[in-house]
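Presented below is the structure to which this report refers.
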Amino acid sequence: MTLRVNYILALICATITIVACGPKTSKSDTKLEEDKVAKQMLQGIWINSDDESVAFKVKGDTIFYPDSTSYPAYFQIFRDTLVIYGADEPVKYPIEKQAPHLFMFKNSNGETVRLTLSEDALDKFQFDNNKAQVLNQNQLVKKDTVVAFEDMRYHCYVQVNPTTYKVIKSTYNDEGVEVDNVYHDNIVNLTVYSGATRLFSRDFKKSDFKKFVPEDFLMQAILSDLTLNRADKDGVHFNALLAMPDSPSYYVVEVNISPMGKLKMQLGN
């Protein structure tokens, strides 16, 4: 009985020794490593072969676009995939072919984009201003209006104040690559008087309308304006316009100031 137990123990020890001496797989072995050679090969200014326009410039680990409204983007290359990191989720573009003077990949539409390395020294001047520029008017707007209903007379002041609050909207350039455009939001001040009495005064930000506008839309929208709609027995009504930049999409929220100076908001038409 003792011999049998000793035999089993010896067999277990031998098994443990074999397992312990076997090949080990570390986490670093399974982690996908960036292709530094491919990234280095992508350095420079690249031209779209179809129309010979400048597509982008690669410097270090950043892609710069000639459009001054588009933010530069961090990128990596893993095996046969270009990964560009923007405001949203990283976007992957399959690489079809890469050589010192040729780069071919599939864009977001599944189309093949063929780029060649620029040899024109003048192309660098398209990137003189790599800081993204705002696209909205970026101007102070003041409106002074008087409106009446029956014996109530309202004097309304609206001031649209540009801010440095950035709104990032993702779009696609001519190569079908997703880029981030930057806009600046506004703060709108509304002040309403009835005679010499100030009924209401407040600064509105787009976050004040989150109850009425879907979050994903609101993130890429700007508070464009506050316009007078009408006056009636319920007071004076304004329309707050929350618009998607460079798009026909928008939401209207009705802002109502009662004769007693109370605020009420609801989704407009």
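The values are calculated or read from the model by the stated rules, or taken from the named source; none is laboratory data. Note that the coordinates shown come from a computational prediction; the quantities given were computed from them, not determined experimentally. Here the Cβ positions follow ideal geometry from the backbone for every residue, glycine too, while neighbour counts run over all protein chains shown. Heavy atoms of the whole protein, side chains included, go into the accessibility calculation; ligands, DNA and RNA do not. Shrake-Rupley method; radii C 1.70, N 1.55, O 1.52, S 1.80 Å.
So is Asn138 out of contact with any helix residue (DSSP H, G or I) (no Cβ under 6 Å at 6 or more places or on another chain), open to solvent by 70 Å² or more (accessible area, probe 1.4 Å), under 25 Å from Ser247 (Cβ atoms) and modelled with pLDDT under 85 or not? Break it down stepwise before answering.
Numbers: out of contact with any helix residue (DSSP H, G or I) (no Cβ under 6 Å at 6 or more places or on another chain): yes; open to solvent by 70 Å² or more (accessible area, probe 1.4 Å): yes; under 25 Å from Ser247 (Cβ atoms): yes; modelled with pLDDT under 85: yes.
Against the criterion (out of contact with any helix residue (DSSP H, G or I) (no Cβ under 6 Å at 6 or more places or on another chain), open to solvent by 70 Å² or more (accessible area, probe 1.4 Å), under 25 Å from Ser247 (Cβ atoms) and modelled with pLDDT under 85), Asn138 qualifies.
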Among the residues listed as Phe212, Phe217, the single one being surrounded by fewer than 16 Cβ atoms within 10 Å (Cβ to Cβ), aromatic (Phe, Trp, Tyr) and either outside any strand (DSSP E or B) or without any contact (Cβ under 8 Å) to a residue 24 or more places away in the chain (or both): Phe217
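Among the residues of the range 92-131, count how many are within 18 Å of Ala73 (Cβ to Cβ) and open to solvent by less than 30 Å² (accessible area, probe 1.4 Å).
8
Report yes if Tyr93 is under 18 Å from Asp174 (Cβ atoms) and at pLDDT 90 or above, otherwise no.
It is true that Tyr93 is under 18 Å from Asp174 (Cβ atoms) and at pLDDT 90 or above.
Conditions (1) of a type in the set (Val, Ile, Thr); (2) touching a residue at least 12 places away in the same chain (Cβ under 8 Å); (3) open to solvent by 70 Å² or more (accessible area, probe 1.4 Å); (4) not in a strand (DSSP E or B), marked per residue:
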position: Leu199; (1), (2), (3), (4): no, yes, no, no
position: Arg230; (1), (2), (3), (4): no, yes, yes, no
position: Val236; (1), (2), (3), (4): yes, yes, no, no
position: Pro248; (1), (2), (3), (4): no, no, yes, yes
position: Met265; (1), (2), (3), (4): no, yes, no, no
In the range 250-263, the residues that are in a strand (DSSP E or B), farther than 25 Å from Val167 by Cβ and touching a residue at least 40 places away in the same chain (Cβ under 8 Å): Ile257
Suppose we filter the range 152-161 for residues that are surrounded by fewer than 17 Cβ atoms within 10 Å (Cβ to Cβ) and farther than 17 Å from Gly261 by Cβ; how many remain? 1
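One line per residue, one yes/no per condition, for (1) among the polar types (S, T, N, Q); (2) farther than 25 Å from Asp67 by Cβ:
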{"residue": "Glu96", "(1), (2)": "no, no"}
{"residue": "Ser108", "(1), (2)": "yes, no"}
{"residue": "Ala121", "(1), (2)": "no, no"}
{"residue": "Lys124", "(1), (2)": "no, no"}
{"residue": "Val158", "(1), (2)": "no, yes"}
{"residue": "Thr164", "(1), (2)": "yes, no"}
{"residue": "Ile168", "(1), (2)": "no, no"}
{"residue": "Tyr172", "(1), (2)": "no, no"}
{"residue": "Asn189", "(1), (2)": "yes, yes"}
Any residue at all in the range 180-191 that is out of contact with any Ser or Thr (no Cβ under 6 Å at 6 or more places or on another chain) and open to solvent by 70 Å² or more (accessible area, probe 1.4 Å)? no
